[in-house]
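So the structure is just underneath, and the comments pick up after that.
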Amino acid sequence: MGNVLVVAELQAGVVRKVTLDTIAFARQAVDVIGGQVHVLVLGDGVDAQAAEIAAGHGADVVHAGNGAAFANYIAENFTPAVVQAAEAVDAEIVCAPSSMFGKDLMPCVAAKLGAGMVSDATEVFDDGGVRFKRPLWSGNVITTLEVTTPRKVATVRTTEFEAISGYADASVQAFTADVGARDDAEFVSFDQVKSDRPELTDAAVVIAGGRGLGSGENFDMLMTLADQLGGAVGASRAAVDSGYAPNDWQIGQTGKVVAPNLYIAVAISGAIQHLAGMKGSKTIVAINKDGDAPIFEVADYGLVADAFTAVPELTEKLKSLGIGS
Amino acid sequence: MKIVTTVKRVTDPDMKVKIKPDGTGIVTDGVEYRMNYFDEYGVEEAIRLKQEHGGEIVVVSVGADASTKEIRTALAMGADRGILVETDEELDSDAVARVLAEVIKEEAPDIVLMGKQSVDTDRNQAGQMLAAYLGYPQATFAFELKVADGWATVGREVDGGTSTKRVKLPAIVTADLRLNEPRYASLPGIIKAKRKKIDRKTPGDLGVDTANRVNVLQYEAPETRAAGQIVESVDELIEKLRTEAKAL
């Protein structure tokens, strides 16, 4: 059968980087199953976004699906459109980023397509048939999966894939979905957290704080360090549960998965569930006054020190060395 | 208002999971189990909805006989009766959703409250698949739930902020961590739970073929990171990050 369909994710009308990472997964998939990489962009006025996605990121055909029912994402209206597109392009694999968007949408798509589904795919390969790998048990176990249905649905662990650039431009086509807006589900609002800092999952540098910081105010020094390095601020679940940081900052199995170039864990003990969300980072630094904290087992560089002196010192020294902004 | 809430028996996520040497599964000997964390938030929200609107809470689990323990925990927290759909098979989320769909059709609740994902298989699929199979609307990753006039207004955790969605009942709502603070079962609650009824069924009784669409071929441990080094000072840290890791 071949062919992969990627469902693009837009956030407030902007193409998310995770969409391009997912296209990189799709290229890996067509190497195994053959066919073309199709991308479906749904919205109300998404021709510009379709053109942006088509510009050398690894897609062969981008389908722009405009319609009032897609103005704001809800699974109820997107599901039938994705199902129709999957059938129209005869996709063997239908995938989306493993973001809150993809997690919400793709199980519905799988159920409607009668397809088996893989969550958080980290790899697709051939071993006498298409195989997928995915982490579970907080990333402590990796399984190899076989999907027995003709169509297969996946969400993609985008931190494992690097967006492609310089590929041949894709053609852009209009896609018309026969979808009437459902009357039993309504989008009300999206309250975007406005921040000058990069989004956690896109940031090259992440400074994360744990319960050891003792209060929300003490996250201020992490923000100063993050701003010096142009990074984002995250938190462990323990810190979020203690009310020191918003849920949106949570890194770990039950929160966000990040894989920045540099991850600095401050006063984080390193519970299994936290490690699952940051183990893929290129360089990991741990600052913790408890030298036995499990975070040191995954850190490339550990500094056994009190965060309240080490973090301001680090920020000041970076500043005086002219490193960062 | 009739509420269905679901619970899954999972391995204690605070324990280190071990993989069988032949890679066919995880070691279950000596492993402790508990109710999936996220399901506790679903059960708690069900109790709060019942306190506000009255009605009945039915707690459903799909799993082995031992899952009656987790059903009893939910009954001790405040649910009214239980249903165990008993199977010793390791079902994929699709099979679980198809089993639950038949239970929901029989029970005809106003709302179904579930955890957003289980902390063992981490799939985050069953609630959404259940909504698709039933044709119900869904509101996943809920941190706030209000029910009035036959609709649920749900605050949802999404990337980049929060979102609000309204769904007409009956609907599926999956719980995230900020939704509430799950209560502990009280001693009187535990005693009362012993007299509450748990019905048993099998997927066959419900007419569901539980053949999996996704098969696990192999379990393995992830690659471990090489052990790092301890630096003595902030200066040394900056030096190593610049020259060795080239991360600055």
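Screening A:K103 with (1) assigned to a loop (DSSP other than H, G, I, E, B); (2) within 14 Å of chain B (Cβ to nearest Cβ) gives one miss only, at (1).
Where helices (runs of 4 or more DSSP H) sit wholly within segment A:233-325, those with at least 1 residues that are touching a Pro at 6+ places or on another chain (Cβ under 7 Å) and of a type in the set (S, T, N, Q) occupy A:272-275.
Conditions tested, residue by residue: (1) at pLDDT below 95; (2) under 17 Å from B:T121 (Cβ atoms); (3) more than 13 Å from chain A (Cβ to nearest Cβ).
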site: B:V4; (1), (2), (3): no, no, yes
site: B:R9; (1), (2), (3): no, yes, yes
site: B:D12; (1), (2), (3): yes, yes, no
site: B:I19; (1), (2), (3): no, yes, no
site: B:D22; (1), (2), (3): no, no, yes
site: B:G30; (1), (2), (3): yes, no, yes
site: B:R34; (1), (2), (3): no, yes, yes
site: B:Y41; (1), (2), (3): no, no, no
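Restricting A:A12, A:A48 to those that are within 27 Å of A:I74 (Cβ to Cβ), free of Cβ contacts under 8 Å to residues at least 12 places away in the same chain and surrounded by fewer than 24 Cβ atoms within 10 Å (Cβ to Cβ) reduces the list to A:A48. Among the residues making up segment A:259-269, those that are away from chain B (no Cβ under 11 Å) and buried (at least 22 other Cβ atoms within 10 Å of the Cβ) are A:A265, A:V266, A:A267, A:I268. Scanning segment A:242-258 for residues that are touching a Lys or Arg at 6+ places or on another chain (Cβ under 8 Å) and surrounded by fewer than 21 Cβ atoms within 10 Å (Cβ to Cβ), we see that the one that is farthest from the other protein chains (Cβ to nearest Cβ) is A:S242. The residues of segment A:148-199 that are surrounded by 19 or more Cβ atoms within 10 Å (Cβ to Cβ) and under 23 Å from B:T153 (Cβ atoms) amount to a single one, A:A185. For segment B:120-138, a residue qualifies if it is more than 7 Å from chain A (Cβ to nearest Cβ) and within 14 Å of A:P107 (Cβ to Cβ), and the qualifying residues are B:A126, B:G127, B:L130, B:L134, B:Y136. For segment A:163-204, filtering for residues that are in a loop (DSSP other than H, G, I, E, B) and β-branched (V, I, T) leaves 4. When the helices (runs of 4 or more DSSP H) confined to segment B:28-127 are screened for residues that are closer than 18 Å to B:P203 by Cα and hydroxyl-bearing (S, T, Y), those reaching at least 1 such residues are found at B:68-77, B:93-107. Is it the case that segment B:197-219 has a residue that's in contact with a helix residue (DSSP H, G or I) (Cβ under 6 Å, 6 or more places away or on another chain) and farther than 25 Å from B:Q138 by Cβ? For segment B:197-219, residues in contact with a helix residue (DSSP H, G or I) (Cβ under 6 Å, 6 or more places away or on another chain) and farther than 25 Å from B:Q138 by Cβ: present.
The residues in segment A:117-134 that are facing another protein chain (nearest Cβ under 8 Å) and under 30 Å from B:G161 (Cα atoms) can be counted, and the count is 4. No other residue among A:T254, A:T283 is assigned by TED's automatic domain parsing to the domain that holds A:V206 and over 22 Å from B:A227 (Cα atoms) apart from A:T254. Among residues of segment A:274-323 being among the hydroxyl-bearing types (S, T, Y) and within 7 Å of chain B (Cβ to nearest Cβ), the one that is nearest to the chain's Cα centre (by Cα) is A:T283.
The values are calculated or read from the model by the stated rules, or taken from the named source; none is laboratory data. This is a predicted model, so every value here is computed, not measured. Glycine gets a Cβ as well: all are built from the backbone with ideal geometry, and neighbour counts include every protein chain shown.
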